[in-house]
Structures are given as structure tokens and as C-alpha cells.
1. Which residue, of 97, 108, is surrounded by 15 or more Cβ atoms within 10 Å (Cβ to Cβ), in contact with a Lys or Arg (Cβ under 8 Å, 6 or more places away or on another chain) and more than 30 Å from residue 5 (Cα to Cα)?
2. Scan the stretch 70-92 residue by residue and report those that are open to solvent by 50 Å² or more (accessible area, probe 1.4 Å) and among the small types (Gly, Ala, Ser).
3. Here's a check for you: in the stretch 1-32, which residue that is modelled with pLDDT of 95 or more and touching a Ser or Thr at 6+ places or on another chain (Cβ under 8 Å) is farthest from residue 87 (Cα to Cα)?
4. For the stretch 42-50, check the following and say yes or no: at least one residue is out of contact with any Ser or Thr (no Cβ under 7 Å at 6 or more places or on another chain), farther than 30 Å from residue 119 by Cα and either open to solvent by 50 Å² or more (accessible area, probe 1.4 Å) or modelled with pLDDT of 95 or more (or both).
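The values are calculated or read from the model by the stated rules, or taken from the named source; none is laboratory data. Since this is a predicted model, take the numbers as computed values, not measurements. Glycine also receives a Cβ, built like all others from the backbone with ideal geometry; neighbour counts cover every protein chain displayed. We work out accessible area using only protein heavy atoms, side chains counted, and drop any ligands, DNA or RNA first. Shrake-Rupley method; radii C 1.70, N 1.55, O 1.52, S 1.80 Å.
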Amino acid sequence: MARYSSFEELPVWQNAKTLAIVTYKISSNGRLSKDFSLKDQIRRCAVSISSNIAEGFERGTKQEFIQFLYIARGSCGELRSQIRIAEDIGYISHKDSIYIRNLAQDVSRQINGFVEYLKKSSFKGQKFK
């Protein structure tokens with residue numbers, strides 16, 4: 001953990017950012033783009049994933065970082081649920097739904113692995129350097 005000096009260097013944050021960008025692009029087209037409420041909710045939770053990873057990192061303690069990683073993981077689940085609904089009502093294609101949900105599942109697994117690593121590590125946080 002000590003080798004990362006900013007959240008932008010974290011592979012999990014980079015992948016979460018990619019997920020948000022893909023989600024924004026897919027939600028800009030078709031019927032979903034016209035349902036402002038669902039589109040905005042989908043976008044908010046997609047952006048929330050990378051934002052919570054960043055905020056947790058910047059908090060400076062291991063415990064706070066882990067807590068924000070759990071929140072980010074929850075947003076991955078929220079995104080998968082909303083994308084499934086968008087697909088089921090015909091707003092996005094099955095292909096796009098699978099693509100976003102797979103990306104979100106991958107990020108969720110990465111977050112989970114990172115949490116387990118942090119729990120076992122002696123890293124206390126940047127506040128304690």
C-alpha cells in the first residue's frame with residue numbers, strides 16, 4: 001500500500017473510473033438518455049464508486065479507507081441493479097447491460113480483494129506516517 005502516493009495510482013480506482021466513463025457513454029444513447037431520473041441515478045452511482053475510493057484514500061486512515069471501499073462496493077451493486085432494470089424495460093441492449101454489469105462485478109471483486117489485503121496489512125494510514 002505504501003507504494004501508492006495518490007488514489008489515481010490505484011488500479012481499482014482506475015478501473016472504477018473506466019466503469020463510470022463507459023456508463024456515461026452508454027446512458028447517453030437510446031431510450032435511457034430520455035429518462036432523466038433513471039439515467040441520472042445510474043450515473044450518480046457509477047461516479048460514486050471511484051469517488052468513494054478516492055475519498056477513502058484521502059481520509060488517511062486504514063479504517064476509514066476500508067469503510068469507503070465498502071460504500072464503493074455497495075454502489076457497484078446498486079449500479080448492477082439499475083442497469084438490469086434499464087435492460088428489462090428496454091432502455092439499453094442486453095449486450096450493453098452485460099458489459100456494464102461485468103465491469104461492475106470486476107470492480108466489486110477488486111474492491112473486496114483490496115479490503116481483505118488492507119485488513120491483513122500493517123498499514124495504518126497516511127496520517128500515521
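1. 97
2. 81
3. Among them, the one singled out is 13.
4. no
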